[in-house]
1. Yes or no: C:S190 more than 7 Å from every other protein chain (Cβ to nearest Cβ), assigned to a loop (DSSP other than H, G, I, E, B) and crowded, with 24+ Cβ neighbours inside 10 Å?
2. Tell me, yes or no, whether region B:261-269 has at least one residue that is within 18 Å of C:G263 (Cα to Cα) and open to solvent by less than 10 Å² (accessible area, probe 1.4 Å).
3. Against the condition surrounded by fewer than 20 Cβ atoms within 10 Å (Cβ to Cβ), at the interface with chain B (Cβ under 9 Å from one of its Cβ atoms) and closer than 25 Å to C:R243 by Cα, how does C:R278 come out, does it pass?
4. For B:K306, are the conditions met, namely being of a type in the set (K, R) and surrounded by fewer than 24 Cβ atoms within 10 Å (Cβ to Cβ)?
5. Name the one entry in A:S61, A:S19 that is open to solvent by less than 60 Å² (accessible area, probe 1.4 Å), farther than 13 Å from A:G98 by Cβ, over 13 Å from the mean Cα position of the chain (by Cα) and not hydrophobic (A, V, I, L, M, F, W, C).
6. Confirm whether C:V121 is touching a residue at least 40 places away in the same chain (Cβ under 8 Å), part of a strand (DSSP E or B) and out of contact with any Leu (no Cβ under 7 Å at 6 or more places or on another chain).
7. Kindly state which strands (runs of 3 or more DSSP E) lie completely within region A:1-70 and contain at least 1 residues that are touching a Cys at 6+ places or on another chain (Cβ under 9 Å).
8. Among residues belonging to region C:1-15 that are more than 8 Å from chain B (Cβ to nearest Cβ) and assigned to a loop (DSSP other than H, G, I, E, B), point out the one that is surrounded by the most Cβ atoms within 10 Å (Cβ to Cβ).
Amino acid sequence: MNPKEYKYTVEHEWICPESKNKGKVGLADYAQSQLGDIVFLDLPAPGTQVKQGKKMGEVESVKAVSDIFAPVSGQVLELNQTVIDEPGLVNKDPYGAGWLVRLELSKPSELDALMDSEKYDKFVAELSEEEPE
Amino acid sequence: MSHHYLLPDISQPGKIGCSLPALDVPTTELPPGELLRQELELPEVSEVELIRYFTALSKLNYGVDTGFYPLGSCTMKYNPKWHEDIARLAGCASIHPLQPEESVQGALQLMFELQEYLAEITGMDLASLVPMAGAHGEFTGLLLAKAYHQDRGDKARKRILLTDSSHGTNPASVAMCGFEIGVVASDSEGNVDMKNLESVMNEQVAALTLTMPTTLGLFDPRILEISQLVHEKGGLLGADGANLNAFLGQVKFGELGYDYVQLNLHKTFSTPHGGGGPGSGPVCVKENLADFLPSPLVTKHNGTCKFLSPAKSIGRIANFHGNFGVMCKAYAYIRSLGAAGLKEVSENAVLNANYLKEKLKPYYHLPYDRTCMHEVVFSGRRQKAKGVHTVDIAKRLLDYGLHPPTVYFPLIVDEALMIEPTETESKQTLDSFIEAMKEIARDVEENPGILHTAPHNTPVKRLDDVRAARNPDLRWEMRSQGVG
Amino acid sequence: MPSPYVPNTDADRSTMLREIGVGSIEELFQDIPEKVRHAQFKLPRPLSELELKRELSQLASRNASLDKYACFLGAGSYRHFIPSTVEHVIGRSEFYTAYTPYQAEVSQGTLQAMYEYQSVVCQLTGMEVSNAGMYDGSTAAAEAAIMACIVKKRGKVTVSTTVNPTYRDVIRTYIQARNFSIETAELNGSISSDSACLVVQQPNFFGHLEEIEACVQKAHDIGALLIAIVDPISLAMFTPPGRYGADIAVADGQALGNPMSFGGPGLGIFACRREYLRQMPGRIVGRTVDVDGKPGYVMTLVTREQYIRRERATSNICTNEALMALAATVYLAALGRRGLRHVAELCYHKAHYAAERIAKLKGYSLVFSKPFFKEFAIRCPVAPSRISQALFKDGIIGGLDISHIIDNGMLLCVTEMNTRQEIDKLVEILGAC
């Protein structure tokens, strides 16, 4: 379910590494299903510097608002204008058309700190078992 | 139904909805054209159409006068009808806030007495009537705590402690006062986790805000220990007094160790909710905070009432001195009840809530199976396991002509359903609510589809709030007509 | 005697106690420590409805109410005509006994009325979006200043010296609460380049029109927002804030169909540019459709608000002045563009008639020469307090004593409620002082 080539954060962001130290970033399926129908995205403009683990934007659904954290450090090269106009794409296709920003990585070794898809699958499975009260 | 149009749809140039007198003085030259407005586009309707329109709208609404309205934390009690008569008295409605004080002694006397009654009811020393809503009162309480510590020269107090079950206005108020937020956990009984409190309560904490009873509808039996702990570390204890209906006329916040508490006159003191307001959120304080109260306070000396600004007041938080129109009603309510009447309110409120708790607990999960106070919190998790959520239960209740309880609050309960019947409901009404909830529980097993598609019998069905948020349509527009 | 508001009988209570499994109501309070459970309350004995009305009437009669007194006092609270339709509509208990429209399907009356309110506020102010109202004009102004700091990410606000002093005080309380800073400035002077906003009042506290375009320019030149505090009735005659480039417009809507009520409840009108929609505090109602495609209304963009965003909300506001907003909507619909313009003109001409006659009195002068609407400041030959006493003896509430700002100054207000006879009497008594 969660693409094997992607890397994942504990805050449910993914990064799909591309050549030349670039990468596309988005929200994982678990995040979009927890949030519900997404209505608005506040994303950093091209040129913005982001730091691994620090807030870089916000995602709003009808009933919740959540911070989006940068999976790695770097600079924003472009943001996905289509998803800004159609936030529902994050729900429909979180790993494809629902991508959020493309980064230029300043420290590619930071990718090693992230979870691979197997680890992330387990992480999500454990979360779903927890009993909320 | 005739509500499917808006004012612009029935507007026609040349209509008007009231009559106005002609000018009775000579005209003066108007200012230069560039200062004047060229177009004014407002709807034009006759009085007949106006009244029909708003009458039709009103029929789409459900109020306490329509039926049971068990919103937890809101205390939707019945509003005695004499409230409206009193508020409309010329001596209440037609007085200007800045009139010479000698000319409004009746109003000032009412405010002075209300200050005293609220202080007496809460077991505090003074009350300020200025805050215009509960959230406004919360904001005020935190400003008082801030001023108190600053006055003591204590600059380290930068944090406010809140419980994990607190109402959203609590953290928002904290942020408005420039404080950090610390969270105190609840234990499995729904009380404050004392070990956790001990670990987070220190000399950097200005105050702990503790709603009592809590938003879970539970009275924390260790309140006296809690207040002692907070005070030992030099902090203040503040209450969100929204739930006062639970022990009105029986317990005083002051005797529980609280330093300040904000009240909601539109909840506990029966003033009408108005579709979302007006309210009034007076703050009652102990002597140690009196000097910091917002300006103005009403004082009385030698039989004459006057406005006064407390010596070290936090300043003004309103243009005038609070929602007097709401105060009149709360004042009359207290005068109609007396001490015994107040006690009767809380006794019946708590009885009604516990009755609902016992009758519903076979059907819905009760996370805290203990005596509740004026409200009870259920969880819809049994139903969630069958694919029916609390929102579906709420929408199905609408088909029975009942307003649902509060849903999805407090946040620490999964699929929360918070039910507050109040004392103004009869056992007969409660029984019909119980019957409806039983049928719904049965439908969860036998016919869940009907819950997912509910409501069916209301003026509109479930509304697309995703569309409303993605493409906000927040107003109509009327374009160019010249000014008359 | 049993209470009319506690329907349960003793028999009901017995049955319920049995079902709960306790012997008495007392047992339900066992979580409360014994020593605090039986507090004593010193309160007057209860009154029946009959006695209550008598008591309240007596209290009310000790006030010099404006059904018996003429009024020339304004300064933030105004005596305007309220058509009977307004009270009739807000007196419908489906409106006034409802709560916040959390369950939209049974609250379409309130929600659609709020959508109308937001619309007429935008039409009147010329702004793009409005919320469903806040507490009063002063707190709306304070929340606007905070919003500007959040939008501009700056921690300072500038307030004109000609803004209502109590509004300035309220803005100060709110701004300093957040540990931001506030400066006051003359409009013909300079403002700090790191300010988030310039707050002006139009017409100003003294009733006169500022050179508002210059103010807008001054704010925008430093990248700050222009916040305009406006008089809603004046907007029927004068250029509205949306036209002169205000970023946020606030007002007190008490003047629109709500009684003065000794200062409250009022109504905080709040409107702004659409680009700032997500930082706007307060409830907002939006139009949508239901599952059958029927039009309907819901509270929307709720993630801005305290119950979702909690400590990151722009404001903590929950309860507002919804019924007053409904009254304002009915008022504006009843008057319409023609009626509101007529009311504004009545205020304008009557105020100017009064000002002209007073200016001719020996010892009196108008303080300012700029254009004004319905309020103006005069300099008196003697202390305004003495004049007010003389006026009161003759059934008139005089203007506001502003002698702490202007020597022997009085701020007078004339509205469509003042007859020619009242104005002539005012002038006569002033002349005799």
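The values are calculated or read from the model by the stated rules, or taken from the named source; none is laboratory data. Note that the structure is a prediction, hence the values are computed from the model and not measured. So basically every Cβ, Gly included, is an ideal-geometry build from the backbone, and we count neighbours across all protein chains shown. Accessible surface is based on the protein model in full, side chains and every heavy atom, while ligands, DNA and RNA are left aside. Shrake-Rupley method; radii C 1.70, N 1.55, O 1.52, S 1.80 Å.
1. Working: more than 7 Å from every other protein chain (Cβ to nearest Cβ): yes; assigned to a loop (DSSP other than H, G, I, E, B): yes; crowded, with 24+ Cβ neighbours inside 10 Å: no.
Against the criterion (more than 7 Å from every other protein chain (Cβ to nearest Cβ), assigned to a loop (DSSP other than H, G, I, E, B) and crowded, with 24+ Cβ neighbours inside 10 Å), C:S190 does not qualify.
2. Taking region B:261-269 first, the residues within 18 Å of C:G263 (Cα to Cα) are B:265-266.
Applying the additional criterion that residues be open to solvent by less than 10 Å² (accessible area, probe 1.4 Å) yields B:265-266.
Looking through region B:261-269, at least one residue is within 18 Å of C:G263 (Cα to Cα) and open to solvent by less than 10 Å² (accessible area, probe 1.4 Å).
3. Details: surrounded by fewer than 20 Cβ atoms within 10 Å (Cβ to Cβ): yes; at the interface with chain B (Cβ under 9 Å from one of its Cβ atoms): no; closer than 25 Å to C:R243 by Cα: yes.
So C:R278 does not fit the description; no.
4. Working: of a type in the set (K, R): yes; surrounded by fewer than 24 Cβ atoms within 10 Å (Cβ to Cβ): yes.
It is true that B:K306 is of a type in the set (K, R) and surrounded by fewer than 24 Cβ atoms within 10 Å (Cβ to Cβ).
5. On the way: A:S19 fails: open to solvent by less than 60 Å² (accessible area, probe 1.4 Å).
Testing whether each residue is open to solvent by less than 60 Å² (accessible area, probe 1.4 Å), farther than 13 Å from A:G98 by Cβ, over 13 Å from the mean Cα position of the chain (by Cα) and not hydrophobic (A, V, I, L, M, F, W, C) leaves just A:S61.
6. On the way: touching a residue at least 40 places away in the same chain (Cβ under 8 Å): yes; part of a strand (DSSP E or B): no; out of contact with any Leu (no Cβ under 7 Å at 6 or more places or on another chain): yes.
For C:V121, the condition - touching a residue at least 40 places away in the same chain (Cβ under 8 Å), part of a strand (DSSP E or B) and out of contact with any Leu (no Cβ under 7 Å at 6 or more places or on another chain) - is not met.
7. Working: elements: A:13-18, A:22-27, A:38-42, A:55-61, A:65-69.
By residue number, A:22-27.
8. First, pick out the residues of region C:1-15 that are more than 8 Å from chain B (Cβ to nearest Cβ): C:1-2, C:9-11, C:14.
Narrowing further to those that are assigned to a loop (DSSP other than H, G, I, E, B): C:1-2, C:9.
On the way: C:M1: 5, C:P2: 10, C:T9: 12.
Only one residue tops the list, namely C:T9.
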